[in-house]
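These notes are about the structure you will find just below.
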Amino acid sequence: MSDVLTLRGPIKKDRPEPAKRSVTKKSLDGKDLGSVALEPTIFGIVPNMGVLHQVITAQLAAARSGTQSTKTRKEVSGGGKKPFNQKGTGGARQGTVRAPHYPGGGVALGPKPRKYDQKTPKKMIRLALNSALSDRAALERVALIDSFSAWTEPKTKNAVSALEALGLSGKVLVVLTREDMVANFAFRNLENIKTIDAGELNAHDIIDADWVLFTEATLPTAKEVK
């Protein structure tokens, strides 16, 4: 019985307490503005790799269009006439050129339009999101700035300067509010930079990024834990 529990992972009462982590808040020019404590239940848990894998797989599956379609032998046009006589040719008898083994014939067991959506409970989605954030926080790959309010024009050079001042490289996920339109336009032309609305933050985009950049307004807090 103990082996079964070990394979399934620690039960709830045996789970370690969330780790207390912090991040240095900076301005757009890289100036330190003090340390900010991260919510332990969001940024300090032990990542649940099984749930994280299942949720990300479901997310990628839901993104598939599912419009692929091949024609079966009954849907291929032509072939109403017998290709050649039943006997006397020395070859195997054939009834129609629409058969799958003929060039241009129907496809046997080919793909048809379908939905790839997978049902995922909300609690699993939340756990996967917190696991992804905790993973990035453990690697010290979470960055925080005060705001983008200093930008009045959407200039790409401002975004480049900010990333250099903050020391962010590789793939960066910038979490914005709907009011951060100037920042959204400033970042959109940069390679390896992805902007996302705070309400659409998800496990896949976090794991796919090397850095996650938050503002004070978009940093997840305890009130968002459900």
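Looking only at segment 138-151, decide whether some residue is part of a loop (DSSP other than H, G, I, E, B), at pLDDT below 95, assigned by TED's automatic domain parsing to the domain that holds GLN59 and of a type in the set (A, V, I, L, M). Yes: one or more hits. Just one residue in the set SER69, SER77, SER169 is closer than 19 Å to ILE193 by Cα and of a type in the set (S, T, N, Q); that residue is SER169. Restricting segment 206-226 to residues that are hydroxyl-bearing (Ser, Thr, Tyr) and buried (at least 18 other Cβ atoms within 10 Å of the Cβ) leaves a set whose member that is nearest to SER35 (Cα to Cα) is THR215.
Could you tell me whether any residue of segment 147-160 is among the basic types (Lys, Arg) and over 30 Å from MET124 (Cα atoms)? Yes, that holds for at least one residue. I'd like the residue in segment 59-111 that is at positive phi and not hydrophobic (A, V, I, L, M, F, W, C) and, out of all such residues, is surrounded by the fewest Cβ atoms within 10 Å (Cβ to Cβ). Here the answer is GLY90.
Here's the yes/no breakdown for (1) in the same structural domain as LYS20 (by TED's automatic domain parsing); (2) in contact with a strand residue (DSSP E or B) (Cβ under 7 Å, 6 or more places away or on another chain); (3) in a helix (DSSP H, G or I):
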{"site": "GLY30", "(1), (2), (3)": "yes, no, no"}
{"site": "GLY34", "(1), (2), (3)": "yes, yes, no"}
{"site": "THR41", "(1), (2), (3)": "yes, no, yes"}
{"site": "VAL46", "(1), (2), (3)": "yes, no, no"}
{"site": "GLY50", "(1), (2), (3)": "yes, no, yes"}
{"site": "HIS53", "(1), (2), (3)": "yes, no, yes"}
{"site": "LEU60", "(1), (2), (3)": "yes, no, yes"}
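Here SER134 fulfils each of the conditions (1) surrounded by 11 or more Cβ atoms within 10 Å (Cβ to Cβ); (2) at pLDDT below 95; (3) under 36 Å from the mean Cα position of the chain (by Cα) apart from (2).
Among the residues of segment 192-205, is there at least one that is in contact (Cβ under 8 Å) with a residue 40 or more places away in the chain, closer than 18 Å to GLY30 by Cα and surrounded by 19 or more Cβ atoms within 10 Å (Cβ to Cβ)? No, segment 192-205 has no match at all. Each residue in segment 175-226 was checked for being touching a Pro at 6+ places or on another chain (Cβ under 9 Å), in a loop (DSSP other than H, G, I, E, B) and under 21 Å from SER161 (Cβ atoms), and 1 pass.
The values are calculated or read from the model by the stated rules, or taken from the named source; none is laboratory data. All values reported here derive from a predicted model rather than from experimental measurement. All Cβ positions, glycine included, derive from the backbone under ideal geometry; neighbour counts span all protein chains shown.
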